[in-house]
1. List the number of the failed condition for Gly25; all other conditions in (1) within 13 Å of ligand 1 (Cβ to nearest atom); (2) touching a strand residue (DSSP E or B) at 6+ places or on another chain (Cβ under 8 Å) hold.
2. Cβ-Cβ below 7 Å, separation at least six or inter-chain, first residue in segment 113-126 and in contact (Cβ under 8 Å) with a residue 40 or more places away in the chain and open to solvent by less than 100 Å² (accessible area, probe 1.4 Å), second in a loop (DSSP other than H, G, I, E, B) and among the polar types (S, T, N, Q): which pairs?
3. Working only within segment 191-218, note down all residues that are away from ligand 1 (no atom under 16 Å from the Cβ) and either over 12 Å from Leu154 (Cβ atoms) or more than 13 Å from the chain's Cα centre (by Cα) (or both).
4. Among the residues that make up segment 62-72, is at least one of them within 12 Å of ligand 1 (Cβ to nearest atom), over 17 Å from the mean Cα position of the chain (by Cα) and over 22 Å from Tyr222 (Cβ atoms)?
5. Out of the residues in segment 10-46 that are over 21 Å from Ala206 (Cβ atoms) and among the small types (Gly, Ala, Ser), which is nearest to ligand 2 (Cβ to nearest atom)?
6. Would you tally the residues in segment 1-13 being at pLDDT 95 or above and either closer than 14 Å to Gly68 by Cα or buried (at least 16 other Cβ atoms within 10 Å of the Cβ) (or both)?
7. I want to confirm something. Restricting to segment 28-54 and keeping residues that are touching a helix residue (DSSP H, G or I) at 6+ places or on another chain (Cβ under 8 Å) and farther than 24 Å from Arg83 by Cβ, which single residue is farthest from ligand 1 (Cβ to nearest atom)?
8. Scanning for something assigned to a strand (DSSP E or B), small (Gly, Ala, Ser) and open to solvent by less than 50 Å² (accessible area, probe 1.4 Å), does segment 164-183 turn up at least one residue?
Amino acid sequence: MQRSGIALDIKNLHKSFGNKVVHRGVSFQLYWNEILGLLGGSGSGKSLILRSIIGLEKPDQGEIIFDGKDLSQMGERELFPIRARISYVFQNGALFDSLSVEDNLAYPLREHTRLSEKEILEKVNEVLATVDMTGSNELFPAELSGGMQKRAGLARATISSPEIILFDEPTAGLDPINTHRLVRNIKSVKSRGTTGIFVTHDLPAAFEICHRIAILRQGQIYTVDTVDNIRNSKDPFVHAFIRGDEDGSGQEPQP
Ligand SMILES: Nc1ncnc2c1ncn2[C@@H]1O[C@H](COP(=O)(O)OP(=O)(O)OP(=O)(O)O)[C@@H](O)[C@H]1O
Ligand SMILES: [Mg+2]
């Protein structure tokens, strides 16, 4: 489906845990057909933004507008169909340990569609091929390498053809070969016109995959701009951040 305009409108999110303030007015927009990189230091609240979008956390204040409705106000019943439309690639792949790869991938289709078992198997095999895992149907998560687990997680997140995909550090902890492979798999997802948010600490991967990049700093979006403008930014913080001298947490470095 070719669409234009705003896919997700994140407005003024605030969130604290006890006296620890994490988000202090996070606002940005995700456009249809774009992959937006979301960068920021460890603990800056990137995962929390993704978790808030799919309703695993509730902001203290603010709105998350999708399809004219505020996701932050929805209860579980309303969120259920949303989770077929917005999928989440968890930091560690998050497969069900007791299910084979095939059943892990079939799960969202059995939950959210009326496809026959034959159609589901066809779809599972088709998606496994896109992540270089043809023939891995009967393996269990414990039998997969870290790279394969992440690719299976990516496959599961894409199988129901979601409208938006939220990627949480999909390349973290992978060696260069597996990182390259996963980046290639994500680019093939991107070439199908996917809309998504890509959280990562991997700047080269972000520059390769994303259309625009947002940087989170001290609980707010410090800047959001095209990859080229971020790369060539004269802003001292952005410049230091992309050189790796600033972690964006807004904290003083610990001795
Ligand atoms: N459910 C929770 N209860 C208490 N604190 C939380 C909770 N979720 C997140 N936090 C805190 O919020 C802050 C931001 O967490 P978040 O996981 O979003 O960081 P992040 O930017 O994804 O970091 P990383 O790059 O290390 O994954 C952290 O200090 C974390 O401890
Ligand atoms: Mg995180």
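1. Going through (1) within 13 Å of ligand 1 (Cβ to nearest atom); (2) touching a strand residue (DSSP E or B) at 6+ places or on another chain (Cβ under 8 Å) one by one, Gly25 breaks only (1).
2. These pairs meet every condition: Thr113/Ser160.
3. Hits for segment 191-218 are Ser191, Arg192, Gly193, Thr195, Pro204, Phe207, Glu208, Ile209, Cys210, His211, Arg212.
4. No.
5. That would be Ser16.
6. 7
7. Step by step, filter segment 28-54, then rank; the result is Leu39.
8. Checked against the condition, which is being assigned to a strand (DSSP E or B), small (Gly, Ala, Ser) and open to solvent by less than 50 Å² (accessible area, probe 1.4 Å), segment 164-183 yields no hits at all.
The values are calculated or read from the model by the stated rules, or taken from the named source; none is laboratory data. Given the structure is predicted, the values throughout are model-derived calculations rather than measurements. Positions of Cβ are generated from backbone atoms using ideal geometry, with glycine treated the same way; all protein chains shown enter the neighbour counts. To get the accessible areas, we keep the full protein, side chains included, count just its heavy atoms, and leave off ligands, DNA and RNA. Shrake-Rupley method; radii C 1.70, N 1.55, O 1.52, S 1.80 Å.
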